[in-house]
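The values are calculated or read from the model by the stated rules, or taken from the named source; none is laboratory data. Owing to the predicted nature of the structure, the values given are computational and were not obtained by experimental measurement. Cβ placement follows ideal geometry from the backbone for every residue including glycine, while neighbour counts extend to all protein chains displayed. All accessible areas refer to the heavy atoms of the entire protein, side chains included, with ligands and DNA or RNA removed. Shrake-Rupley method; radii C 1.70, N 1.55, O 1.52, S 1.80 Å.
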Amino acid sequence: MDPTWTPSSWRDLPAAQQPDWPDPAALEHVYKQLSTLPPLVFAGEARRLRSSLADVASGGAFLLQAGDCAESFGDFTADAIRDKLKVILQMAVVLTYGAGVPVVKVGRIAGQFAKPRSSPTEMVGGVELPSFRGHLVNDDAPTAEARVHDPARMLSAYHQSASTLNLLRAFTTGGYADLSHVHKWNQQFVASSSQGRRYDAIAGEIDRALRFMRACGIDLQGEATLHQVEFWTSHEALVLGYEESLTRQDSLSGDWYDCSAHLLWVGERTRQLDGAHLRFLAGVANPLGCKLGPKATVDEVLGICATLDPDREPGRLMLIARMGAGKTPDRLPALLRAVRDAGHPVLWACDPMHGNTFASPGGRKTRRFDDVLTEIAEFFGVCRAEGVWPGGVHVELTGDDVTECLGGAGVEEILEDHLNIRYTTACDPRLNARQSLDLAFQVAELLRRT
Ligand code: PEP
Ligand code: CO
């Protein structure tokens, strides 16, 4: 650990994508409040996740990281959180049952409120406005007033994260995630689809297996893992003042933890080696992720490994390739080889979403489900060729029946004409619950062949 690091030492370096908070006094006031509020997660939890991710890095488990592109202050209900959890639990069941590997479940949830943007302004209905930067920073309504950066939003984001996390903890440990409820995670609009029926068949087999074990006299009641799931939170550590304010020193180890989430990642636009984001993340002991787009070079990636994981600790660092379908076989192998040869025990995951975004003719940001699947298949292929464990997938999804990504199986296929029907994302297009389940079946198939 660098002895010169402090939670605020990132302030000496250039920080990309930071809000322009207009009122310094109001900002200081918010930071003061945030820094006295209780931590959202605890150091011991972050250490447990690190240990689970070390299992993934060594090929003994698989990571499923999933959730919204951007959580919303507007769409904040118990039902929406439950339905998101349902689809992630369903996907985890498909992966665990189908591929026989433990699945580490991490949500893009309870803190995923800030967005990097390619341009400081955007055109909305013919008017140029400051870009929407996530509800932690400004509002998405198409007016200049709504787009002003307001530091009080950081407090709202904190409180919404706390409520979300509270509900997630209740759902995952209070009986809802009990394996005997595996059928109930199949929402009605999913159950009628071919993937939903396939899921129901697996759920039936799991029921039978549980009945069989009970009949054999095995005490299933005493097996906590059948009744609870471990579910972790994560978000992009983008707005560094917010992250700094929630950073606390662990009384047991003396290490610093960013207590806004279990896992933090740095995005493709903010991973500069000499930048503030890497400086900040290097000093917190949480497990970390770093996105890598198609332009990432070997030198950059080795620099990121050396900065974020100097002690080469398994479970510390995850590299998330988001190259785009068609580019992965060309761009990724050299990075896999370089990291392996340098002896960094990183976890490699694939984000098949962000390299495959484009605008539909009607102007909607979308992705093709086929491109998403292609990139995942390419990722598995490249990893296999290099002898690297394809450790996980990182996807943007929702439990709702949205029409945001094109494609999907059978009569449920989403066509360009459908994009306007239920397009509710606050930022990037998400897979709906059927497409998500479909993806899990295909990933399970790839894992079986690995
Ligand atoms: C994201 O995960 O929503 C995102 C903006 O990703 P990236 O940094 O890979 O573009
Ligand atoms: Co996104």
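Taking packing as the residue-averaged number of other Cβ atoms within 10 angstrom, the listed peptides 34-40, 388-394, 248-254 run from highest to lowest as 388-394, 34-40, 248-254.
For segment 158-209 versus segment 57-93, the spacing of their alpha-carbon centroids is 11 Å.
If you take the Cα centroid of segment 228-267 and the Cα centroid of segment 393-436, the two points sit 30 Å apart. A 1.4 Å probe, protein heavy atoms only, puts the accessible area of TRP21 near 40 Å². The value of relative contact order for the chain, using C-alpha pairs under 8 Å at least six residues apart, is 22 percent. Result for the chain in a Gaussian network model with C-alpha springs under 10 Å: among GLU243, GLU28, GLU268, the largest mean-square fluctuation is at GLU28. Listed by chain and number, the lysines whose alpha-carbon sits under 27 Å from that of LYS86, ignoring those within fewer than 8 places in the same chain, are LYS105, LYS115, LYS184, LYS291, LYS365.
Computed from backbone phi with θ = phi - 60° and the Karplus coefficients 6.51, -1.76 and 1.60, the 3J(HN,Hα) list for segment 109-114 is 7, 6, x, 8, 10, 10 Hz; x is used for glycine and proline.
Here ASP219 sits with roughly 100 square angstrom of accessible surface, probe radius 1.4 Å. Between CYS259, CYS216, CYS383, the Gaussian network model of the chain with springs among Cα atoms under 10 angstrom shows the greatest mean-square fluctuation at CYS216. Taking all protein chains into account, the per residue accessible area for the chain stands at 39 Å² (1.4 Å probe). Residues whose amide H lies under 5 Å from that of THR233, counting only those 5 or more places away or on a different chain, are GLY107, HIS262, LEU263; hydrogens are built 1.01 Å from N in the peptide plane. Counting charges near THR247 (Lys, Arg +1; Asp, Glu -1) among other residues having Cβ under 11 Å from its Cβ returns a value of -4. Other residues with beta-carbon under 10 Å from the beta-carbon of GLY267 carry, at +1 per Lys or Arg and -1 per Asp or Glu, a net charge of +3. Which of SER161, SER119, SER436 moves the most in a Gaussian network model of the chain with Cα springs under 10 Å? For the chain, modelled as a Gaussian network with Cα springs under 10 Å, the answer is SER119.
Net charge near PHE369, counting Lys/Arg +1 and Asp/Glu -1 over other residues with Cβ under 9 Å of its Cβ? Overall, the nearby charge balance is -2. With a 1.4 Å probe and every protein chain kept in, tell me what percent of the accessible surface of the chain is carbon plus sulfur. On the chain, the fraction of accessible area on carbon and sulfur atoms equals 52 percent. When Rg and the Kirkwood Rh are both derived from Cα coordinates, the Rg/Rh ratio for segment 218-300 amounts to 1.14. VAL124 sits with roughly 50 Å² accessible to a 1.4 Å probe, with DNA, RNA and ligands left out of the calculation. Convex hull volume per residue, computed on the Cα atoms of the chain, equals 140 Å³.
Coupling constants for segment 52-63 follow from the phi torsions by the Karplus curve (6.51 cos²θ - 1.76 cosθ + 1.60, θ = phi - 60°), and in residue order they are 5, 6, 5, 4, 5, 4, 8, x, x, 7, 10, 9 Hz; glycine and proline get x. Over the Cα atoms of segment 1-131, the radius of gyration divided by the Kirkwood radius equals 1.03; this is the Rg/Rh ratio.
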